[in-house]
1. Kindly check whether there is at least one residue in the range 143-156 that is open to solvent by 80 Å² or more (accessible area, probe 1.4 Å), part of a helix (DSSP H, G or I), out of contact with any Leu (no Cβ under 8 Å at 6 or more places or on another chain) and not aromatic (Phe, Trp, Tyr).
2. Taking Phe40 as meeting all but one of (1) closer than 25 Å to Pro147 by Cβ; (2) at pLDDT 90 or above; (3) open to solvent by less than 80 Å² (accessible area, probe 1.4 Å); (4) in a helix (DSSP H, G or I), write down the number of the exception.
3. Is there any pair with a first residue in the range 16-31 that is within 23 Å of Asn91 (Cα to Cα) and a second that is among the basic types (Lys, Arg) whose Cβ atoms are under 8 Å apart and which are 6 or more apart or on different chains, and what are they?
4. Looking at the range 20-30, is at least one residue modelled with pLDDT of 90 or more, of a type in the set (A, V, I, L, M, F, W, C) and open to solvent by less than 80 Å² (accessible area, probe 1.4 Å)?
5. Could you check the range 53-70 and list, in sequence order, the residues that are open to solvent by 20 Å² or more (accessible area, probe 1.4 Å) and over 13 Å from the mean Cα position of the chain (by Cα)?
6. Determine whether Ser150 is at pLDDT 90 or above and under 20 Å from Leu53 (Cβ atoms).
7. Go through the range 54-107 and give me each residue that's without any contact (Cβ under 8 Å) to a residue 12 or more places away in the chain and in a loop (DSSP other than H, G, I, E, B).
8. Name the residue, out of Gly33, Gly128, Gly119, that is open to solvent by less than 60 Å² (accessible area, probe 1.4 Å), modelled with pLDDT of 90 or more and not hydrophobic (A, V, I, L, M, F, W, C).
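The values are calculated or read from the model by the stated rules, or taken from the named source; none is laboratory data. If you're wondering where the values come from, they're calculated on a predicted model, not measured in any experiment. We place every Cβ from the backbone using ideal geometry, glycine too, and count neighbours over all the protein chains shown. Just so you know, the surface numbers come from the protein's heavy atoms only, side chains and all, with ligands and any DNA or RNA stripped out. Shrake-Rupley method; radii C 1.70, N 1.55, O 1.52, S 1.80 Å.
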Amino acid sequence: RMWLRQKIESRSMADDYGFSMDKKKRILEKISGAVGFEQFLHTKFVGQKRFSLEGGETTIAALDAMINTSTEWVTPVKEVIIGMAHRGRLNVLANTMGKTYEQVFSEFEGKSLPDQSFGSGDVKYHLGYSSLLTTPNGKEVYLKLLPNPSHLEAIDPVVEGFARAKADILYGSEYD
């Protein structure tokens with residue numbers, strides 16, 4: 001324990017942990033957005049069933065970093081397929097996928113017209129979403145969050161099957 005304490009306490013405030021100032025600002029922006037979104041939902045929609053990301057807001061910054069970094073590779077990623085459980089799903093939709101707050105709040109208030117392509121009657125944290133995101137470096141990446149109904153206990157096989165089918169059909173089985 002002592003070595004960990006010395007490691008942590010010996011860091012100066014000027015240590016950048018290898019991040020540029022722009023990257024640190026981006027991380028702060030993403031975490032602040034996630035925290036603010038959770039606080040707003042908690043105060044505005046009291047009693048609504050939802051699965052908060054509270055305590056895991058760095059997930060938003062981590063997803064942002066992974067998506068942005070993957071578009072800078074030698075062979076850049078053009079599509080990202082995400083599968084996840086309910087916890088934090090609304091926050092990912094708003095702060096990673098680019099779903100507008102208006103769309104999210106309309107669903108909470110029951111004012112939105114649901115997309116019937118995945119059936120009707122599903123609740124807001126089960127639905128999927130797709131968007132075209134422009135990263136800070138100007139590259140575009142297609143994001144898809146797969147639907148995850150409550151009876152589905154494991155989303156990984158669904159993501160793997162979706163990605164495999166997409167690679168087979170659209171990319172001629174070219175998995176790179």
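1. Among the residues of the range 143-156, at least one is open to solvent by 80 Å² or more (accessible area, probe 1.4 Å), part of a helix (DSSP H, G or I), out of contact with any Leu (no Cβ under 8 Å at 6 or more places or on another chain) and not aromatic (Phe, Trp, Tyr), which makes the answer yes.
2. (3)
3. Going by the 8 Å Cβ cut-off, there are no qualifying pairs.
4. For the range 20-30, residues modelled with pLDDT of 90 or more, of a type in the set (A, V, I, L, M, F, W, C) and open to solvent by less than 80 Å² (accessible area, probe 1.4 Å): present.
5. Within the range 53-70, Glu54, Gly55, Thr69 qualify.
6. Numbers: at pLDDT 90 or above: no; under 20 Å from Leu53 (Cβ atoms): yes.
It is false that Ser150 is at pLDDT 90 or above and under 20 Å from Leu53 (Cβ atoms).
7. Scanning the range 54-107 gives Gly55, Trp73, Val74, Thr100.
8. The unique qualifying residue is Gly33.
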